[in-house]
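Each value in this text was obtained by applying a stated rule to the coordinates, not by laboratory testing. Owing to the predicted nature of the structure, the values given are computational and were not obtained by experimental measurement. Every residue, glycine among them, receives a Cβ derived from its backbone with ideal geometry; neighbour counts consider all protein chains shown.
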Amino acid sequence: MRAKSNYKPKNTEVFKNQLLHWAQQFDDVVWLDSNEYNQEYSNYEAILAVDAFTCIKTDYHNAFDDLKEYQTITKDWIFGYLTYDLKNDVEDLNSNNFDGLEFSDLYFFQPKKLFLFKGNAVEMQYLGAVDDEIETDLDEIISQKVNYFNNNDFNEDAIKIKLRIHKDAYFEKVETMLNHIHRGDIYEANFCQEFYAEDTQINPLETYYKLNKISKPPFASFLKIHDKYVLSASPERYLKKEGNIVVSQPIKGTAKRSDSEKEDKQLISNLLQDEKERSENIMIVDLVRNDLSKTAIKGSVNVEELCKVYTFEQVHQMISTVTSKVTATTHPVDVIKSTFPMGSMTGAPKISSMKIIEKLEETKRGVYSGAIGYFTPNNDFDFNVVIRSILYNASKKYVSYSVGSAITSKSNPLNEYEECLVKAKAMREVLEN
């Protein structure tokens, strides 16, 4: 059981920052922030979960079964991540590429302390073992002196970002992928490349603040598991379950922003009419419909929005919304397992594209293009897609971010390369000042 207490901060934004500073003392931290982005399927404006009471950490072998057992037994809030490499649990696949980050394949924890932001109030939910700490914690949080990081604490020297795949090699690899498409092996595949820095220290909280400030995405997250961090400015929801409704919102189709209002509107119009971007999105919508149908009540899969353009601080994105209904006896982990990894980060057909991706990419994806989120005590869940994110292993002093684009028969390698650079802009700006 959890003890509950409500608090109304004078200034929610200040309280959020104080709370996130206070949270840094713990080994297990998940912070999720919608940045008050106006969206239909939203339960909380922000959530903080800290301090593991119990946890599960595993590689991909039987990972979903282990998670299912853990979630069923715990019957409480659990927070964590699923890496892309859990594909190896779902299908007969493997991940043999270089891994500089070394996250475990799956990690979830049951937090002792939970903060739920809704409207202008924060609900604190503490497990019985620590419920006598609510008042003292609140005093400590409110007394935090918040540093807004105008000075560059760590980044005195410019971080030297390196490319795992150089431009010429990237073009060759895209041509290879196009050959697969023209041969009929696949229709579309999401091809990703890593940018990284070795022997580099960053301040994770400062880096997250800067990234979030310039992106203000609806699915931002700060994740800390001991010495490993994910600082995410994700605009994409992977999957959400509320009651018997399941919602998937794949993103496919990207356009840059312009400072000129007239030009910005033109960029939206161009994206809406772009045949290549629309076909990318529609192919993935078909894949998502198929994935959701595996657990859906017959005839309940529905495309609510097709190729709608949403505007964010850095980019315009084409997003579709697909929903389904499940029975009360359907296990939430089965809904995730049957749709994992998300179609927007793989391709179509899914298995063939994942095999080709593995051959052509140089880096194990890990948490990148996986998901961060939570399960509730009543079997609901909500997960983002880990994109537009900086990943950091503090012990190894290794910093990484990856970006990708969907390759279809209409792809031009130079355009795909430039799309990757548009997506990488915010991360690069933050790390290189």
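Placing a pseudo-label 7 Å from each Cα along the Cα-to-Cβ vector at Glu133 and Ser260 gives an inter-label distance of 5.6 nm.
Please give the length that would be gained between Ile142 and Leu306 if that part of the chain were fully extended, namely 0.36 nm times their separation in residues minus their C-alpha to C-alpha distance (nm, one decimal). Let's see the in-between values first.
Working: separation 164, 0.36 × 164 = 59.04 nm, distance 4.41 nm.
Length gained between Ile142 and Leu306: 54.6 nm.
Take the Cα of Lys410, go 7 Å toward its beta carbon, and the backbone nitrogen atoms of region 172-204 under 17 Å from that spot belong to 178, 181-182, 187-190. A cut-off of 5 Å between modelled amide H atoms, ignoring neighbours fewer than 5 places along the same chain, links Lys216 with no other residue.
Pair-distance distribution of the chain: all C-alpha pairs, bin width 20 Å, starting at 0; shares per bin in whole percent are 26, 61, 13, 0.
Residues in region 99-116 carry Karplus couplings, in order, of 10, x, 9, 6, 6, 5, 5, 8, 8, 9, 9, 9, x, 6, 10, 9, 10, 10 Hz; the curve used is 6.51 cos²θ - 1.76 cosθ + 1.60 with θ = phi - 60°, and Gly or Pro positions show x.
Karplus-based coupling profile of region 179-186, in residue order and whole Hz: 4, 4, 5, 5, 7, x, 5, 8, with θ = phi - 60° in 6.51 cos²θ - 1.76 cosθ + 1.60 and x standing for Gly or Pro.
Most tightly packed first, judged by the mean number of other beta-carbon atoms within 10 Å of their residues, the peptides 290-296, 319-325 read 319-325, 290-296. For Asn97, the residues whose amide H sits under 5 Å from its own are Lys364, ignoring neighbours fewer than 5 places away on the same chain, with H placed 1.01 Å from N. Extension gain for Asp380 to Lys359 (0.36 nm times residue separation, less C-alpha to C-alpha distance): 4.0 nm. Extension gain for His182-Lys10 works out to 56.0 nm (0.36 nm per residue, less the C-alpha to C-alpha distance). Taking θ as phi - 60° and the Karplus parameters 6.51, -1.76 and 1.60, the scalar couplings of region 424-431 work out to 7, 3, 5, 5, 5, 4, 5, 7 Hz in sequence order, x denoting glycine and proline. Taking a point 7 Å out from the Cα of His331 in the direction of its Cβ, the residues of region 338-376 whose backbone N falls within less than 13 Å of it are 338.
Determine the distance separating the Cα centre of region 206-279 from the Cα centre of region 1-65; give it in Å without decimals. First find each Cα centre; the distance between them is then 20 Å. Taking trypsin sites (Lys or Arg not before Pro) across region 43-116, the ones in a DSSP loop with at most 14 further Cβ atoms lying within 10 angstrom of their Cβ are Lys75. Restriction of the GluC sites (Glu not before Pro) in region 358-392 to DSSP coil positions whose beta-carbon has at most 13 other beta-carbons within 10 angstrom yields no sites.
Taking label points 7 Å from Cα along the Cα-to-Cβ direction, Glu418 and Ala3 give a separation of 6.0 nm. When the pairs Lys241/Lys359; Lys337/Lys397; Lys160/Lys228; Lys162/Lys294; Lys57/Lys355; Lys240/Lys423 are compared against a 30 Å limit on Cα-Cα distance, Lys241/Lys359; Lys337/Lys397; Lys162/Lys294 fall above it.
Amide H contacts under 5 Å for Glu188: Ala348, restricted to partners 5 or more places along the chain or on a different chain, H placed in the peptide plane at 1.01 Å from N.
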